[in-house]
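Asks: Can you keep this structure in mind? I'll have questions shortly.
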Amino acid sequence: MAADDRGIVIAPAGVPGSVEETGPVTHAMETVDMSVSYGSFRAVKNVSLQFRDHQITALIGPSGCGKSTVLRAFNRMNDLIPTSRVEGRVLFHGADIYEESVDPVEVRRRVGMVFQKPNPFPKSIYDNVAWGAKVNGYKGNMDDLVEQSLRQAALWDEVDDKLDQSGLSLSGGQQQRLCIARTIAVKPEIILMDEPTSALDPIATLRIEELIQELKQRYTIIIVTHNMQQAARASDFTAFLNMDQDRAGRVIEFEATAELFTRPAKKETEDYITGRFG
Amino acid sequence: MTAPRRHFHEELRTIEQQLVLMAGMAERAVGRAVDALVRNDIALAAEVVADDQLIDEKYLLIHEKWLETMALQTPVAIDLRLMSSVLHLLVTLERMGDQATNIAKIVKSIEGHAREPVILEHLREMGDLVQPMVRTAMEAFVQRDFALALRVPEMDEPVNRLNRSMTNDVARCAPDQEVLEWAVPMLMVSRALERVGDQAVDIAEQVAFLLTGEFQEFTRPDTESYDH
């Protein structure tokens, strides 16, 4: 469905074969009239989106439209920028993560993030995965956790005999899967991905996309991508953001991905995805 | 600033232009086949049969370009719907050429038989009706004109009526065995022209799909005399 004049969007209608056929629709994350500013510059405005549990939602739009800003608002990464300010509400299972009583570290544990460039620590593969769990005081069997996380990240079979080697010794695609394993190891509910394949070759990219499809069985995934074909291939829902004349990004359309890429409701969406602009 | 997919959109226009040329070839083939029948022109009928190869070659040329564009450009939204419609029209127009060939082959097969003027007049009339239908449907496609596309099924009604009456026309020839032998294949000619009318309606339906993203059946199945 399309956004109204203020950019307000509610969740799109159902997707055949998705969760609502077997149970009620629930949303892991929801924004209500969210705006994010850096100092006096409003980067995104009036963003209202609902992210379904165990579904993959892609955020697409031109450079500078604020899609990464929106993503970073979901685990309070913008807090690390001193001038940033978030208005409106960001609800995680119905609770506002910007309430004063909420610990941002706990938010980031439950809402994990994978970045554009693979950023393993200069430590062993094992320690890369175990690190977050150790910091969080994990009391269970660490070996099992590392194996389980690497298996879920589809990396175990490639590294099970070299867990003590440096994470930096892996290929780019393997490093990104290691970072996914590291994110999984602290048992998040949502995984945010900020252009996770832009630094990878086509085969490594397809492996990550395939992995994302498997991960959605366990996690809700929100992915920012500048690659529209990736959004089309890998996501269930897509939100298209664009810049207004005041350069603030806003949601133009939020729809099931198959619908958005075949019958977009807004001309602005159609012009962008078909390349008829400029 | 240059639109980022200018080259791709030029390719789409080229494919569309080739398709329009192919539609012209198919429509003319139908007209010439009916002319050959009405004027009993065996040479013209032979030309129609031979020229079907040109339509087939055009089909292959456009299809190759279509495949290449799909593989390399991964179209979406209205571009994807256009490519879907192009493929549908491509197959429809190739079959329209086949219908013209079928009529032309019948003309050759009944050479020398006594003919029945009322049947010939009805078939000529059907030919005169279906050609503008094809032109109108293609014009609606080129102009992206939904209202014009909706006129095509209306134009199809007299064609269907004439086709339904053809059985009686042929039955009236029963007393004269020689004329009857000529008349029975005219049922197939009538059927071929009725199919060309339906194909024009199919093209119009694709225009609606292209413009709205929803497939709409313009002709209700129960309005047809029999399945096709």
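Asks: Before we move on, is A:F277 within 14 Å of chain B (Cβ to nearest Cβ) and buried (at least 24 other Cβ atoms within 10 Å of the Cβ)?
Replies: Judged against the criteria, A:F277 is not a match.
Asks: Among the numbered conditions (1) more than 18 Å from A:G66 (Cα to Cα); (2) at the interface with chain B (Cβ under 10 Å from one of its Cβ atoms); (3) not polar (S, T, N, Q), tell me where A:M228 comes up short.
Replies: Failing condition for A:M228: (1).
Asks: Can you tell me how many residues in the stretch A:233-255 are surrounded by fewer than 20 Cβ atoms within 10 Å (Cβ to Cβ) and either within 23 Å of A:H54 (Cβ to Cβ) or within 13 Å of another protein chain (Cβ to nearest Cβ) (or both)?
Replies: 1
Asks: I would also like to ask the following. Of (1) in contact with a Cys (Cβ under 7 Å, 6 or more places away or on another chain); (2) acidic (D, E); (3) within 14 Å of chain A (Cβ to nearest Cβ), B:E116 satisfies all except one. Which?
Replies: All conditions pass for B:E116, except number (3).
Asks: Taking the criterion of being at pLDDT 95 or above, farther than 22 Å from A:L59 by Cβ, of a type in the set (K, R) and part of a loop (DSSP other than H, G, I, E, B), would at least one residue in the stretch A:150-169 satisfy it?
Replies: The answer is yes, given that some residue of the stretch A:150-169 is at pLDDT 95 or above, farther than 22 Å from A:L59 by Cβ, of a type in the set (K, R) and part of a loop (DSSP other than H, G, I, E, B).
Asks: For the stretch A:77-102, how many residues meet the condition of being of a type outside the set (G, A, S), free of Cβ contacts under 8 Å to residues at least 60 places away in the same chain and not in a helix (DSSP H, G or I)?
Replies: Total satisfying the criteria: 13.
Asks: Does B:V130 satisfy the condition of being surrounded by 20 or more Cβ atoms within 10 Å (Cβ to Cβ) and under 26 Å from B:T101 (Cα atoms)?
Replies: Yes.
Asks: Another question about this same structure. Which numbered condition trips up B:A29, out of (1) away from chain A (no Cβ under 14 Å); (2) part of a loop (DSSP other than H, G, I, E, B)?
Replies: Failing condition for B:A29: (2).
Asks: Right, next: Quick one: in the stretch A:178-201, which of the residues that are within 14 Å of the chain's Cα centre (by Cα) and of a type in the set (D, E) is nearest to A:V70 (Cα to Cα)?
Replies: Per the criteria, the residue is A:D194.
Asks: Something else about it: Considering the stretch B:40-73 alone, what residues qualify as being aliphatic (A, V, I, L, M) and closer than 25 Å to B:E121 by Cα?
Replies: Within the stretch B:40-73, B:I42, B:A43, B:L44, B:A45, B:A46, B:V48, B:V49 qualify.
Asks: Oh, and also: Restrict the check to the stretch B:100-112 and report whether at least one residue is over 16 Å from the mean Cα position of the chain (by Cα), at pLDDT below 95, hydrophobic (A, V, I, L, M, F, W, C) and surrounded by 14 or more Cβ atoms within 10 Å (Cβ to Cβ).
Replies: Yes, some residue in the stretch B:100-112 is over 16 Å from the mean Cα position of the chain (by Cα), at pLDDT below 95, hydrophobic (A, V, I, L, M, F, W, C) and surrounded by 14 or more Cβ atoms within 10 Å (Cβ to Cβ).
Asks: While we're on this one: Would you point out which residue out of A:A204, A:A256, A:A239 is at pLDDT 95 or above, more than 14 Å from the chain's Cα centre (by Cα) and either under 30 Å from A:G137 (Cα atoms) or of a type outside the set (D, E) (or both)?
Replies: One residue alone meets the criteria, A:A256.
Asks: State yes or no: is A:A181 crowded, with 19+ Cβ neighbours inside 10 Å and within 28 Å of A:T262 (Cα to Cα)?
Replies: No: the conditions fail for A:A181.
Asks: Are any of the residues in the stretch A:221-232 small (G, A, S), touching a residue at least 40 places away in the same chain (Cβ under 8 Å) and touching a Lys or Arg at 6+ places or on another chain (Cβ under 6 Å)?
Replies: Taking every residue of the stretch A:221-232 in turn, none turns out to be small (G, A, S), touching a residue at least 40 places away in the same chain (Cβ under 8 Å) and touching a Lys or Arg at 6+ places or on another chain (Cβ under 6 Å).
Asks: Could you say which residue among A:R182, A:R151 is in contact with a strand residue (DSSP E or B) (Cβ under 9 Å, 6 or more places away or on another chain) and charged (D, E, K, R)?
Replies: Of A:R182, A:R151, the one residue that is in contact with a strand residue (DSSP E or B) (Cβ under 9 Å, 6 or more places away or on another chain) and charged (D, E, K, R) is A:R182.
Asks: Would you check which residues across the stretch B:66-83 are crowded, with 16+ Cβ neighbours inside 10 Å, in a helix (DSSP H, G or I) and in contact (Cβ under 8 Å) with a residue 12 or more places away in the chain and list them?
Replies: Listed by number, the residues that qualify are B:W66, B:T69, B:Q73, B:I78, B:D79, B:R81, B:L82, B:M83.
The values are calculated or read from the model by the stated rules, or taken from the named source; none is laboratory data. Because the structure is a prediction, the values reported are computed rather than measured. Don't worry about glycine lacking a Cβ; one is built from the backbone with ideal geometry, like all the others, and counts go over all protein chains shown.
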